[in-house]
Structure formats: structure tokens, C-alpha cells
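The values are calculated or read from the model by the stated rules, or taken from the named source; none is laboratory data. Because the structure is predicted, anything quoted here is derived from the model rather than measured. Glycine gets a Cβ as well: all are built from the backbone with ideal geometry, and neighbour counts include every protein chain shown.
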Amino acid sequence: MKTYLASNDVVETIILDDDDGVPYAATGVTYRVYDENDVNVVSTTPVTLVDGALDVAITVGASSNELPIGQVRGLRTIELLIETASGMFGKRVSYVVLNGEVVVKGENSYQTFSEALLGAMDLPGLVAWQDATRDERVAALVDSHSRLAKLRFSIKYDNGQTRLGGATEIADIRNLSLEEFLALPLEFISSLQKAQIVEADTALGGDPIDEQRRGGLMSSTVGEVSQMYRSGTPLILPVSERALRHLTGYVKFGIGVGRS
């Protein structure tokens, strides 16, 4: 799926063929464009069709590719209605529009994408992250941000540092503004950023053993290698053990109320 910057014209050339690649003998074509909420951003519009045309070029204007403030990306789908002598046929092509940077510090991430790239260089054992594409890394960072936010944090401040709102516990870190987040101890922010990268690696498949533990696996034998995990039901947390190790001393275990 192609990606474009929001608030710009987008031109998509769509081949007039079926799922098997057989061309339609089109006698007429109309199109509409709708967003990720199935709301029309371009109403049904006829296409000027040249006889024998094998494709059509659809231009979606900049105003139809705008995103609301605060929304980092959206989806646009061009739906064609192709008229032929044997009937009417439909075809859809979707693309993504981005409102600047997808990974936004303080909104859906604890760091910028560039900070994550730099931080990953200091973290050994990242397996899946190294081979992942940019889009895969972005999706994993956003997902790990959400997973980590399900933890309750207990923050210890230095004597000379002002406590955030007089409190040392954070039930849902997503409730903090960017300014409040940046006012947290630098050591905690650094640990959280490392945990986010490691959790992103896990989400990409970089820690299969952790996923096996989450699935309740107690033993595994591959050839002459045998593994067994401790008996009993393990404590299932929203993040991997690797990520938790970077947050040692900051996570408060117990019952609390937070957003899911």
C-alpha cells in the first residue's frame, strides 16, 4: 500500500482488469473516494474514458487528503465502478496519508523514530528489529507504547527535583502531557525508551521464548536440546520480561485502574 503526505494531491493509475488480470472492455467508469470511517471524501464522479483504455488515472485533490489536527495517519480508498457490455464491476485501491511523522513523542511513543534508531544501537540482542522495514518498526513502536502504558510506575525523585503534581505513582502514563513527561527523571525516561525498543523487537518476533511462556509452554524439546519452564501458571504481564528488566525499580505490581 502506497503512502503519501497529507494535504497533497494524489494521483493513482488503476488498471481496468479483474482479479485474474483479464482486462475489462470498459464502456464507462465512475469513482468515489472514502476514508477509514467509510465516509465519502469525494462523491461519485464520472471519468472521461478513452476508447480502448486499459487504465484510468484518478486524481484525489489535496483537500480530500487532509487529516484532522492530532491524527497522524488516515486511509483513503478509491472505489471504481466499471461498466461493460456484460455488466457492472467494482475495483478498489487504497493508500495511506500521513500527517507528518507517524511516531510522535508524547502521543503514541516515548521517543521519536530517530531516537529509537539511535537507541537501538546500544541495545544488544535485537533480532527482528534489525531486519524489519521502517513501516514494521513504526507499527511495533506504537504497539509497544500501548503495551507499556498498561504498567503502573513508581517514580523516585531526587531531593532537588520537584515531584510531578506531588505524586510518585503513575497509573496511566498516557495521561501525561509532553511537558509533564519530559519533567520525569531522565534516568526513568531513558529506561522507558529502552524498554519500548526491546518490546518493539519482541512484537516483531524477536523473542519467541517469551511468546511461548505467554502461551503457557512448560517444556520444549528440539533434537537433543530440552527446555522446561517452571510449573504453575506464570504471571502474564502486558510486556515481555526483556522490557521489564529495563524498568527494574520503576514498575509497581498490584491492582490499579488504567486505560486498556
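Inspect region 59-74 for any residue being surrounded by 15 or more Cβ atoms within 10 Å (Cβ to Cβ), within 10 Å of Ala26 (Cβ to Cβ) and free of Cβ contacts under 8 Å to residues at least 60 places away in the same chain and give the result as yes or no. Within region 59-74, none of the residues are surrounded by 15 or more Cβ atoms within 10 Å (Cβ to Cβ), within 10 Å of Ala26 (Cβ to Cβ) and free of Cβ contacts under 8 Å to residues at least 60 places away in the same chain.
Considering each residue of region 179-200 in turn, at least one proves to be modelled with pLDDT of 75 or more, more than 18 Å from Gly119 (Cα to Cα), assigned to a loop (DSSP other than H, G, I, E, B) and assigned by TED's automatic domain parsing to the domain that holds Val127. Within region 83-113, the residues that satisfy the criterion of being assigned to a strand (DSSP E or B) and not small (Gly, Ala, Ser) are Glu83, Thr84, Met88, Phe89, Lys91, Arg92, Val93, Tyr95, Val96, Val97, Leu98, Lys105. A single member of Leu80, Leu67, Leu126 is in a loop (DSSP other than H, G, I, E, B), more than 14 Å from the chain's Cα centre (by Cα) and more than 21 Å from Ile189 (Cα to Cα), and it is Leu67. Restricting attention to region 2-23, the residues that are assigned to a loop (DSSP other than H, G, I, E, B) and on the phi < 0 side of the Ramachandran plot add up to 8. Taken over region 51-76, the criterion of being touching a strand residue (DSSP E or B) at 6+ places or on another chain (Cβ under 9 Å) and among the aliphatic types (A, V, I, L, M) is satisfied by Ala53, Leu54, Val56, Ala57, Ile58, Val60, Ala62, Leu67, Val72, Leu75. Of all residues in region 24-34, those satisfying the criterion of being of a type outside the set (Gly, Ala, Ser) and either modelled with pLDDT under 95 or outside any strand (DSSP E or B) (or both) are Tyr24, Thr27.
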